[in-house]
1. Go through 164-173, 81-90 and give me the packing order, highest mean Cβ count within 10 Å leading.
2. Determine ³J(HN,Hα), in whole Hz, for all residues of the stretch 109-120 in sequence, where each value follows from phi through the Karplus function 6.51 cos²θ - 1.76 cosθ + 1.60 and θ = phi - 60°; x replaces Gly and Pro.
3. I need to check one value: relative contact order of the stretch 4-214, counting alpha carbon pairs closer than 8 Å and at least 6 residues apart, in percent.
4. Counting other beta carbons within 10 Å of each Cβ, put LYS147, LYS58, LYS160 in order, fewest first.
5. Among the listed pairs LYS57/LYS214; LYS110/LYS214; LYS54/LYS110; LYS57/LYS147, which are separated by more than 30 Å between their Cα atoms?
6. Using only the Cα atoms, work out Rg/Rh for the stretch 4-214, with Rh taken as the Kirkwood radius, to two decimals.
7. With θ taken as phi - 60° and the coefficients 6.51, -1.76 and 1.60, list the Karplus ³J(HN,Hα) couplings across the stretch 38-54 in order, rounded to whole Hz; mark glycine and proline as x.
8. Roughly how far apart, in whole Å, are the Cα centres of the stretch 145-216 and the stretch 32-90?
Amino acid sequence: MNHLVAPSLLSADFLNLEREIEMVNRSQADWFHLDVMDGVFVPNISFGFPVIEKIAKKAAKPLDVHLMITDPDRFIERFRKTGADVISVHYEACNHLHRTLHAIRSLGAKAGVVLNPHTSVELLKDIICDVDLVLIMSVNPGFGGQKFIEQSIPKIERLKSLITASGSGALIEVDGGVDLQNAPRLIAAGVDVLVAGNTIFSSADPENTIQRLKAV
């Protein structure tokens, strides 16, 4: 399949959020990426249910919700009801990851697992066939605008080999420091979904930047 582009609304202009959503709707982007942070699992706090409900009413494309929170099982059903189409949880935050992933799927959403930069992809070998998506963090989670971690490239390549060997249909998503310069290498390594925040929303022409990311 052709790779997907998911603009991260964490980098959007929140004083003009409706305008930003309409831009993404018009663009060639495929998903909206929403980072949910609780100030505990990561040292930052972002938007919660009321904001996501408003986004869902305006968004014409799927909502890709990345939960950077402790004990995500408590909120999975509510995020689904709020409008999440893809729900991704951190490997590091789940005591019973297999059960969590199946709970997400049982609600009709796609189930993703997220790996922090220090977490090995080999830890997924026993559950890789139970996930729809693996999100590789190419920065330390919590803040936008960080520098891309180069070690993410060989990590993605190892993950691609694991997915191929297992027969899993999981997509590979990458988030953190993604730009027009490293996007070609990420796609070549096996990435299916590019998440980009500052690269898109800080550009002079965000819609054109999305188009250029799609054209990689």
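1. Order by mean packing, descending: 81-90, 164-173.
2. Coupling constants for the stretch 109-120: 9, 7, 9, x, 10, 10, 10, 5, x, 8, 8, 6 Hz.
3. Normalised by residue count, the contact order of the stretch 4-214 is 21 percent.
4. Fewest-to-most ranking of LYS147, LYS58, LYS160: LYS147, LYS58, LYS160.
5. The pairs that break the limit, which is 30 Å between Cα atoms, are LYS57/LYS147.
6. Ratio value, two decimals: 0.93.
7. Each residue of the stretch 38-54 in turn: 10, x, 10, 5, 10, x, 7, 10, 10, 7, x, 4, x, 5, 5, 4, 5 Hz.
8. The two parts, judged by their Cα centres, are 21 Å apart.
Coordinate-derived values only; no laboratory data. Remember, it's a predicted structure, so these values are computed and weren't measured experimentally. So basically every Cβ, Gly included, is an ideal-geometry build from the backbone, and we count neighbours across all protein chains shown.
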